[in-house]
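One structure is given here, and the rest of the page talks about it.
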Amino acid sequence: MAVEFRITKGARAGARERFEKSIVAIGRHPINDLRFDAERDLDVSSRHAELRIVGDRHVLVDLGSTNGTFVNGQAVSGERALADGDVVTFGADGPQAEFRIVGEQPSVSPSRGMPTAAAAPSAPRLNTTERVAIAVEQQTGALKRIVAGLAVVVIAGALVAVWVTRKSAAETRAQLASLVAANDSLSRALEARLGETGIADASLAAARAESERLSRELREQQARGGDLSAAAAAVRESQTRTASLAGMDYAAIADANQRAIVFLVVEFPDSSKATGTGFNVLPSGLIVTNRHVVQRPDGTRAQRIAVAFDGTTGQWKRASIELVSESDELAFLRLSTAGTYPVVNGVARDDATTGVGRPVAILGYPLGTGTAGMSGSINTLTPSATLSVGTVSKRVPETVQLDAFAAQGSSGSPVFDRRGIVVGVIYGGATESGGRIVYAVPASRLAAQLPTDARAVLR
């Protein structure tokens with residue numbers, strides 16, 4: 001006898017899953033039989049529950065899930081027998097599925113002494129030729145089913161291979177764009193620095209020549225389809241040397257601030273989800289991010305927000321919206337879980353260090369989960385921020401324009417000056433620039449809207 005789960009709520013609402021096995025594993029990890037969406041069904045644990053079928057009994061067992069399992073609204077403690085039509089909820093506010101017993105019911109033998117229906121007349125016996133033909137049809141039918149099954153497996157494998165190849169190519173293009181943008185920005189930063197320090201022109205020419213050579217090798221390697229890791233490592237080493245000449249200690253900036261960067265996952269009332277970047281400015285937990293990350297243009301706000309601090313594994317924290325700016329792309333979130341959390345090195349009171357030509361650093365998660373170092377179960381994810389470099393290319397009262405690299409997922413990323421102090425908050429860019437023209441809210445506007453208890457972070 002088969003069983004079926006009909007998903008009525010969550011990212012997979014409308015889907016039906018049918019099983020004919022004694023144990024059905026349920027959760028978000030790919031090893032499960034009944035799998036929920038790893039990025040959107042956040043209430044479901046990696047291995048949440050099991051359905052165990054023993055004889056004619058169907059028993060649901062909670063596997064110590066984080067948010068609990070409920071049958072018809074009642075929490076499951078250990079295990080619970082399921083009946084046809086029961087509604088199972090995975091997490092108090094998580095996805096729901098209707099449990100159904102499907103297929104033919106087993107026949108019941110008549111009890112001793114009970115009258116039985118008259119036996120149906122037996123079919124006439126087939127001759128030998130007819131029996132052989134039926135047997136051959138049964139054997140070839142089974143063979144056809146096996147061949148069809150193998151064809152499905154081969155096609156599925158090919159589709160997976162194409163998807164993996166395309167995903168890898170997209171990540172490679174993003175990596176290349178980031179490295180090339182960093183090289184260009186560092187060259188401009190070095191040129192600006194030369195005018196202030198009087199470093200010999202030969203040093204600038206050598207640094208520029210090396211950056212151009214390495215960028216050219218990187219593009220050639222990509223065109224050949226070779227391994228980019230060695231060329232990328234050489235480019236990063238060159239960037240470190242050039243950054244030193246430009247007066248920016250990027251390693252020190254990352255060391256001082258990276259632990260305060262947070263990866264955001266938000267859910268709106270229609271169950272749609274989005275990701276973004278934020279940074280913490282208060283030890284008790286006050287996160288700065290973008291308005292559009294937590295509020296839609298029509299004013300609809302996120303109903304649930306989860307944050308994970310950089311470098312932590314599976315330590316998701318709940319947050320609520322404290323304030324959404326009416327004038328700028330800024331929003332402030334309060335952590336609901338009490339604790340002492342890492343903070344950035346400081347926020348600039350004014351815009352004195354963001355003149356045109358000045359070098360900057362950015363910490364965040366461009367491309368969201370694609371570059372956040374996140375894979376496997378959402379309960380064991382470890383966000384790791386990407387450090388990008390750039391220069392200030394334009395200044396207007398409401399916006400700092402940067403020549404840097406940013407992409408979807410960068411929204412809310414902090415921008416740092418050479419002191420490692422926040423001087424801007426990324427909120428978008430020019431679409432036609434391929435992520436190379438980036439816009440940020442200036443530090444002066446952020447400082448003016450900080451809640452009163454966070455003023456101590458101003459420098």
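The values are calculated or read from the model by the stated rules, or taken from the named source; none is laboratory data. Not measured: the values here are computed from a predicted model. All Cβ positions, glycine included, derive from the backbone under ideal geometry; neighbour counts span all protein chains shown. The area values use the complete protein model at the heavy-atom level, side chains included, leaving out ligands, DNA and RNA. Shrake-Rupley method; radii C 1.70, N 1.55, O 1.52, S 1.80 Å.
When you go through VAL360, VAL347, VAL343 one by one, which is the residue that is under 25 Å from ASP453 (Cβ atoms), open to solvent by less than 20 Å² (accessible area, probe 1.4 Å), under 28 Å from the mean Cα position of the chain (by Cα) and modelled with pLDDT of 80 or more? Explain how you work it out, then say what you get.
Values: VAL360 fails: under 25 Å from ASP453 (Cβ atoms); VAL343 fails: open to solvent by less than 20 Å² (accessible area, probe 1.4 Å).
Only one candidate qualifies: VAL347.
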Worksheet item: Restricting the first residue to the range 334-352 and requiring it to be farther than 30 Å from THR399 by Cβ, which pairs with a second residue that is part of a strand (DSSP E or B) and not acidic (Asp, Glu) meet a Cβ separation below 9 Å and a spacing of at least six or different chains?
Response: SER336/LYS317; SER336/ARG318; SER336/ALA319; SER336/SER320; THR337/LYS317; THR337/ARG318; THR337/ALA319; GLY339/LYS317
Worksheet item: Are any residues in the range 48-67 under 30 Å from the mean Cα position of the chain (by Cα), surrounded by fewer than 19 Cβ atoms within 10 Å (Cβ to Cβ), outside any strand (DSSP E or B) and free of Cβ contacts under 8 Å to residues at least 60 places away in the same chain, and if so, which ones?
Response: LEU63, GLY64, ASN67
Fill in: Of residues in the range 423-445 being hydroxyl-bearing (Ser, Thr, Tyr) and either at pLDDT 75 or above or in contact with a Phe, Trp or Tyr (Cβ under 9 Å, 6 or more places away or on another chain) (or both), the one surrounded by the most Cβ atoms within 10 Å (Cβ to Cβ)
TYR427
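For the range 1-47, give me each residue that is open to solvent by 40 Å² or more (accessible area, probe 1.4 Å) and of a type in the set (Lys, Arg). Reasoning before the result, please.
Let us first name the residues in the range 1-47 that are open to solvent by 40 Å² or more (accessible area, probe 1.4 Å), namely 1, 6, 8-9, 12-14, 16-18, 20-23, 29-31, 33, 35, 37, 39-40, 42, 47.
ARG6, LYS9, ARG12, ARG16, ARG18, LYS21, ARG35, ARG40, ARG47 - these are the residues of the range 1-47 that are open to solvent by 40 Å² or more (accessible area, probe 1.4 Å) and of a type in the set (Lys, Arg).
Go through the range 270-285 and count every residue that is open to solvent by 10 Å² or more (accessible area, probe 1.4 Å) and either part of a strand (DSSP E or B) or modelled with pLDDT of 90 or more (or both). Give the steps one after another, and end with the answer.
Of the residues in the range 270-285, the ones open to solvent by 10 Å² or more (accessible area, probe 1.4 Å) are 270-275, 282-284.
Adding the requirement that they be either part of a strand (DSSP E or B) or modelled with pLDDT of 90 or more (or both) leaves 273-275, 282-284.
The qualifying residues number 6.
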Worksheet item: Among the residues of the range 310-328, is any within 15 Å of SER413 (Cβ to Cβ) and within 20 Å of the chain's Cα centre (by Cα)?
Response: yes
Discussion item. Pull out all pairs, ordered by first then second residue, where Cβ-Cβ is under 9 Å, the residues are six or more apart or on different chains, the first lies in the range 282-293 and is on the phi < 0 side of the Ramachandran plot, and the second is of a type in the set (Lys, Arg).
Written reply: LEU282/ARG334; SER284/ARG334; LEU286/ARG334; ILE287/ARG334
